[in-house]
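Novice: I'd like to ask you about the structure that follows.
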Amino acid sequence: MNLILDTHVILWWLDDNDSLPKKYRQEIADRNNICFVSAASVWEISIKSAIGKLDIPDNYLEVLLDQNFREIPISWQHASKVRYLPMHHKDPFDRLLIAQAIVEDLMFLSVDKIISKYDVKILAI
């Protein structure tokens, strides 16, 4: 299964946080699955770290690579798709992740209830 991880899912995985649902933990750990991390999530993490809302090690990108996560860049198709999404969600990072999941036909891992309002595949908890 090809998965795209919401930013909070990435952070919970890296922190081994109990907030990460057991089902998500199993699917991320399953080497048969491919886990994608969006450049949008890295951007969001960087912004929150820079303004002091998030404490993350300087080498977190290396850690992501060590976890066998794959980078998904932001394409014109992804950015354009955001235009056509209903305004259920106001967060621009989440809107871009939703667009990427739709365009790339990826299963979205998120506990954000608003995301289920979109026509996107979400892995049930």
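All of the numbers you see were taken from the coordinates with simple rules; none came from a lab. This is a predicted model, so every value here is computed, not measured. Cβ atoms come from the backbone with ideal geometry, glycine included; neighbour counts cover every protein chain shown.
Novice: Take GLU71 and decide whether it is farther than 19 Å from LYS117 by Cα, charged (D, E, K, R) and part of a helix (DSSP H, G or I).
Specialist: Criteria not met by GLU71.
Novice: Which of the residues that make up the stretch 13-29 are of a type outside the set (Gly, Ala, Ser), loosely packed, with under 13 Cβ neighbours inside 10 Å and either under 28 Å from ALA79 (Cα atoms) or free of Cβ contacts under 8 Å to residues at least 12 places away in the same chain (or both)?
Specialist: Residues satisfying the conditions are ASP15, ASP16, ASN17, ASP18, LYS22, GLN26.
Novice: So, of the residues in the stretch 85-113 that are of a type in the set (A, V, I, L, M, F, W, C), in contact (Cβ under 8 Å) with a residue 60 or more places away in the chain and in a loop (DSSP other than H, G, I, E, B), which turns out to be nearest to LEU20 (Cα to Cα)?
Specialist: The selected residue is VAL111.
Novice: So, in the stretch 70-109, exactly how many residues are more than 11 Å from the chain's Cα centre (by Cα) and among the hydrophobic types (A, V, I, L, M, F, W, C)?
Specialist: Number satisfying all stated conditions: 9.
Novice: In the stretch 103-117, what residues are farther than 13 Å from MET1 by Cβ and crowded, with 19+ Cβ neighbours inside 10 Å?
Specialist: Answer for the stretch 103-117, where residues must be farther than 13 Å from MET1 by Cβ and crowded, with 19+ Cβ neighbours inside 10 Å: SER110, ILE115.
Novice: Are any residues in the stretch 31-47 closer than 19 Å to ASP91 by Cβ and either over 15 Å from the mean Cα position of the chain (by Cα) or among the aromatic types (Phe, Trp, Tyr) (or both), and if so, which ones? Spell out how you get there, then give the answer.
Specialist: Residues of the stretch 31-47 closer than 19 Å to ASP91 by Cβ: 36-47.
Those that are closer than 19 Å to ASP91 by Cβ and either over 15 Å from the mean Cα position of the chain (by Cα) or among the aromatic types (Phe, Trp, Tyr) (or both): PHE36, TRP43, ILE47.
Novice: Right, here's the next one. Could you tell me whether any residue of the stretch 37-56 is surrounded by 14 or more Cβ atoms within 10 Å (Cβ to Cβ) and in a loop (DSSP other than H, G, I, E, B)?
Specialist: Checked the stretch 37-56: at least one residue is surrounded by 14 or more Cβ atoms within 10 Å (Cβ to Cβ) and in a loop (DSSP other than H, G, I, E, B).
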